[in-house]
1. Could you look through region 316-332, keep only residues that are among the aliphatic types (A, V, I, L, M) and more than 19 Å from residue 180 (Cα to Cα), and pick out the one that is surrounded by the fewest Cβ atoms within 10 Å (Cβ to Cβ)?
2. Could you list, in sequence order, all residues of region 206-225 that are buried (at least 19 other Cβ atoms within 10 Å of the Cβ) and either among the small types (Gly, Ala, Ser) or closer than 21 Å to residue 338 by Cβ (or both)?
3. If residue 367 satisfies every condition in (1) part of a helix (DSSP H, G or I); (2) open to solvent by less than 10 Å² (accessible area, probe 1.4 Å); (3) of a type outside the set (A, V, I, L, M) but one, which is the exception?
4. In this structure, is residue 413 more than 23 Å from residue 307 (Cβ to Cβ) and surrounded by fewer than 19 Cβ atoms within 10 Å (Cβ to Cβ)?
5. Against the condition in contact with a strand residue (DSSP E or B) (Cβ under 7 Å, 6 or more places away or on another chain) and free of Cβ contacts under 8 Å to residues at least 40 places away in the same chain, how does residue 218 come out, does it pass?
6. Looking for whichever is in contact (Cβ under 8 Å) with a residue 12 or more places away in the chain, under 29 Å from residue 255 (Cα atoms) and hydrophobic (A, V, I, L, M, F, W, C) here; the options are 137, 148. Which one fits?
7. In region 119-166, what residues are more than 27 Å from the chain's Cα centre (by Cα) and farther than 24 Å from residue 202 by Cα?
Amino acid sequence: MRTARRTPAWLSPILEQLFSPPAFLPSPPPTVEANRIHPVDAAAAGRTVPWRDRTSPAGTGTSAAHPVSASRNGHVRGRRLVRGRMARRRARTASPPGGTPASVHGASAAPAAPARPLALPRSWQAACARAGIPPSVLRRYAWEISEVRHLGTVIKVETDTGTFVVKETHLPPARVAFLAAAILHAQARGCLRTAAMVPARDGQPYAVADRRTFYATPFIAGAAANFASAYHVRQIAHTLAAWYEATRGFRHAGAPAPVGMEALLRRRADDLRRFADHAERKAEQDAFDELFLEWYPALRKDAEKSLSLLAEADVAAFLRSEMAAPGLCHLDVTPANFILAADGAYALDFDLAAYAPRALDAAHLIRRGLQASAWSADVAYACFVAYNEARAMSAAEYRLVEALLRFPYRAWRLASTRYTVFAEPAQVTELADAWREEPRRQAFLDAYREQIARLQRDA
């Protein structure tokens, strides 16, 4: 077990000032909170019939590298919601079980004899169809199956070697292989609360069917993550910080390009301007357009302030140092992607993981925790404590977090989804909610800025 690093002596008075009431973080988070654990669903004995792919001998099941992983496919509004709709549409038009197997990505399909029909009960085939997953995916794994259940956009599979979850991914196989290698690397360095991928029959950490890519992970039993809980946020921050440190310096084929922070924020600031221009030019503006245009001057001011913070000498120097040997950020920090088990928070669905400063994950967690908790500063305190336990944060890193929190991410996300993906009434409601919360967001940011300025003066 890795021993948490002690906070340096020079940092103790700074942290004391930063988190002392009535400053921007009024009080420490609770040290204990009920952690309700959901029991693992057991296969209904006596009403299921074990199923084995008749093309493989009995007893050739593949054991998982780690006994826990994702229980569901967390997805956010917008692009990933559209993917889910497309998957269900494909499922309705997919070939029935027993069709000709699809060729692997990049491989030429040679003529093959018709595949044997899958001896899957109709209820299992229906579960696959509801999740948009072809039943032929199950043939890619050496499992003896006793139950298949539908869980949103994934299927839960009870087998002789454990309970697994199968999901579709938009990633190419090479990227899935990179993520699988990164998770194994992190686990070898003590970061065990991550979603491992189960090897398929051919040894690959993914399966290809109907020209689509899927992967399987062992099922995790636990409580759904609650970002309004300081205890949950602290456990999630521990996992994110440990994941980042365990993957620092990791390199493997198929790795994504590092995230350039200045380019990222500038691109989003440009997006805000384009969205405002689009809304302004519309012949008939709706309620979303009107509120967005009314808010836009303040949004632009926050975006410019965020970029100016990022350009400060100490923040720029910290970024250069951090990105010299970066770790992997999760970059999809939503409640759906974390499970609270008895031994801590497990991170699921690393599909968006990329090299970036760890402040990016921390800022996402703090922002969503503040929104979920009615802007209770306890969740920010909990996150900072966990990250400091993994590696002490400098004043420049706190400023980087400030730059990320200052950017009007929520308004940008809603406008980006509405103007580039799809429009729905719920977006108007959420934008109005964000508008009403803006005074509290600004009050938090102002108090945070004052505390960091004091730290810099006293340093």
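The values are calculated or read from the model by the stated rules, or taken from the named source; none is laboratory data. Worth saying up front: this structure is predicted, and the values here are computed from it rather than measured. Neighbour counts are summed over all protein chains in view; Cβ atoms, including those assigned to glycine, are modelled from backbone coordinates with ideal geometry. The protein model used for the area step is the full one, side chains on, heavy atoms only, and it has no ligands, DNA or RNA in it. Shrake-Rupley method; radii C 1.70, N 1.55, O 1.52, S 1.80 Å.
1. 324
2. 207, 209, 215, 216, 217, 218, 219, 220, 222, 225
3. Among (1) part of a helix (DSSP H, G or I); (2) open to solvent by less than 10 Å² (accessible area, probe 1.4 Å); (3) of a type outside the set (A, V, I, L, M), residue 367 violates only (2).
4. Numbers: more than 23 Å from residue 307 (Cβ to Cβ): no; surrounded by fewer than 19 Cβ atoms within 10 Å (Cβ to Cβ): yes.
For residue 413, the condition - more than 23 Å from residue 307 (Cβ to Cβ) and surrounded by fewer than 19 Cβ atoms within 10 Å (Cβ to Cβ) - is not met.
5. Values: in contact with a strand residue (DSSP E or B) (Cβ under 7 Å, 6 or more places away or on another chain): yes; free of Cβ contacts under 8 Å to residues at least 40 places away in the same chain: no.
Here the answer is no, as residue 218 does not meet what is asked.
6. On the way: 148 fails: under 29 Å from residue 255 (Cα atoms).
Only one candidate qualifies: 137.
7. 121, 122, 123, 126
Yes/no per residue for (1) in contact with a Leu (Cβ under 8 Å, 6 or more places away or on another chain); (2) over 20 Å from residue 268 (Cβ atoms):
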{"position": "419", "(1), (2)": "no, no"}
{"position": "428", "(1), (2)": "yes, yes"}
{"position": "434", "(1), (2)": "yes, no"}
{"position": "437", "(1), (2)": "no, no"}
{"position": "443", "(1), (2)": "no, yes"}
{"position": "453", "(1), (2)": "no, yes"}
{"position": "457", "(1), (2)": "no, yes"}
